[in-house]
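Heads up, the thing below is written out as structure tokens.
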Amino acid sequence: MEIDLSSPEDPKINKAGKGRKLVIVLIGSVALGAALLFFWPPTTGQTALPAPKAHPTPVGTASVTTQDLKIERSGLGNVTPLTAVDVKVRVDGQLQRVAFAEGKNVRTGDLIALIDPRPYQAALDQALATLRKDMAQLDSAKIEDARAKSLVPIRGITMQLAEAAAAQVAIMEATVAGDQAAVDTARLNLSFATITAPISGRAGLRQAEQGAIVHASDAAGLVTITQMQPIAVQFSLPQEELPDLVAGQAKGALPVAIDSQDGAKHLADGKLAVIDSQVDTSTGMVKLKAVFPNEDLALWPGELVSARITLKTDQGLTVVPSPAVQNGQTGQYVFVVKPDNKVASVSVATGPSMSGMTAILKGLNPGETVVVSGQSRLTEEAVVAPRPIEAQNLASTEGQIQ
């Protein structure tokens, strides 16, 4: 029996062979199609699409300008009255009347309170009576002294009696002087029963009520009167500012502006009055006192405020809005907008910064345009869409252009 090996009859083997041929044909077709798409030239009338252009980056800009720059320094301050008096009684007694109103203004000499004056009036009357009695005795002693002096020449009286009469006059004169002092003391104590305002100012809270017994030795007074107009603010600056402080004050009182503690509200304008005579060795700070009219009572004793003092004014500085200055690895720089609306980073040397403006000592010229907002998305030679922003509007627009 012979077997024909050249013609397989197994249907499974034939089916697998046909499948492999089909896969090979499909792979070849895909490769051919890819090659045709890659190498086949475009049909007539069609052009290749251009590469998309980069959109300009929107930025806020401002011009480099020349202006005078006020050099200011600031420090935390405390409002203090020029004068504050704790009104106390100077004699003992019962308060017959309390005449002031809490929180109201009083003037020098206004009635504050009245202590029962009757004991002190009686003491004055008694002192006056004693004075009158002793003055009468003095007059009598003078008459006796005159009579004795007239009798001595005719030997009508001994010299000893004459000298005794003269001594009695001296004794009575001293007694009368003592009586007069007692009268003055009694009259003074009587005046102390009427308590008046020693200064003009605002009365604080009442410390004693009508009808209470008060004593000169009491620790607490009747009320504290605080001078409100004018008023002072004490604040401190580092000792490094002393040269400019002394030099500026020599030309005239330096202006001082007072803002609320958080700097959100301007309260008052005044002048520097005192530079302390020594520096605090523990802090390296020098204390300053400025005085303000306080006509609108914007400053209140004990209030914490922010004080700004103008040390000098530098003339004709080249300045830019402070947000234009950026800090990099090699130092400070700004983005300058060129005529073709491309930007270039320029290294700068800066001076003092005040009121949102920074002085440029080197690197920029007046008239150039710098980027003040949106720098975070910029690179060298980037194309920008500039939008001018006024310096006073930078705070409100900061962060809007990114």
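Observations, loosely collected:
- Every test in (1) buried (at least 19 other Cβ atoms within 10 Å of the Cβ); (2) within 30 Å of residue 285 (Cα to Cα) is passed by residue 100 save one, and that test is (2).
- Filtered residue count, segment 148-200, keeping only those that are in a helix (DSSP H, G or I), polar (S, T, N, Q) and without any contact (Cβ under 8 Å) to a residue 60 or more places away in the chain: 7
- Selected residue (only one of 387, 377 is surrounded by fewer than 17 Cβ atoms within 10 Å (Cβ to Cβ), at negative phi and touching a Gly at 6+ places or on another chain (Cβ under 8 Å)): 387
- Picking from residues in segment 67-125 that are over 23 Å from residue 216 (Cβ atoms) and small (Gly, Ala, Ser), the one that is farthest from the chain's Cα centre (by Cα) is 101.
- All strands (runs of 3 or more DSSP E) inside segment 41-96 with 3 or more residues being modelled with pLDDT under 95 and surrounded by fewer than 18 Cβ atoms within 10 Å (Cβ to Cβ): 65-81
- Residues (crowded, with 20+ Cβ neighbours inside 10 Å and small (Gly, Ala, Ser)) located in segment 187-198: 193, 197
- Odd one out for residue 12 among (1) closer than 30 Å to residue 197 by Cβ; (2) basic (Lys, Arg); (3) modelled with pLDDT under 60: (1)
Yes or no, residue by residue, for (1) under 17 Å from residue 293 (Cβ atoms); (2) surrounded by fewer than 18 Cβ atoms within 10 Å (Cβ to Cβ):
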site: 218; (1), (2): no, yes
site: 223; (1), (2): no, no
site: 226; (1), (2): yes, no
site: 239; (1), (2): no, yes
site: 251; (1), (2): no, yes
site: 263; (1), (2): no, yes
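- Meets criteria (at pLDDT 95 or above, surrounded by 14 or more Cβ atoms within 10 Å (Cβ to Cβ) and not assigned by TED's automatic domain parsing to the domain that holds residue 108) for residue 231: yes
- Test set (1) of a type in the set (Gly, Ala, Ser); (2) closer than 30 Å to residue 375 by Cβ; (3) in contact with a Lys or Arg (Cβ under 9 Å, 6 or more places away or on another chain) - residue 290 fails condition number: (2)
- Per the listing 116, 145, the residue uniquely in contact with a Gly (Cβ under 7 Å, 6 or more places away or on another chain) and in contact (Cβ under 8 Å) with a residue 12 or more places away in the chain is 116.
- Any hit, segment 248-267, residues being without any contact (Cβ under 8 Å) to a residue 12 or more places away in the chain, part of a strand (DSSP E or B), in contact with a strand residue (DSSP E or B) (Cβ under 6 Å, 6 or more places away or on another chain) and of a type outside the set (A, V, I, L, M, F, W, C): yes
- Residue 276 being without any contact (Cβ under 8 Å) to a residue 40 or more places away in the chain, under 30 Å from residue 200 (Cβ atoms) and either crowded, with 16+ Cβ neighbours inside 10 Å or among the acidic types (Asp, Glu) (or both): yes
- Extreme residue, surrounded by the fewest Cβ atoms within 10 Å (Cβ to Cβ), among residues of segment 342-373 that are modelled with pLDDT under 90 and not aliphatic (A, V, I, L, M): 355
The values are calculated or read from the model by the stated rules, or taken from the named source; none is laboratory data. The shown structure was predicted, so the numbers you read here are calculated from the model rather than taken from an experiment. Don't worry about glycine lacking a Cβ; one is built from the backbone with ideal geometry, like all the others, and counts go over all protein chains shown.
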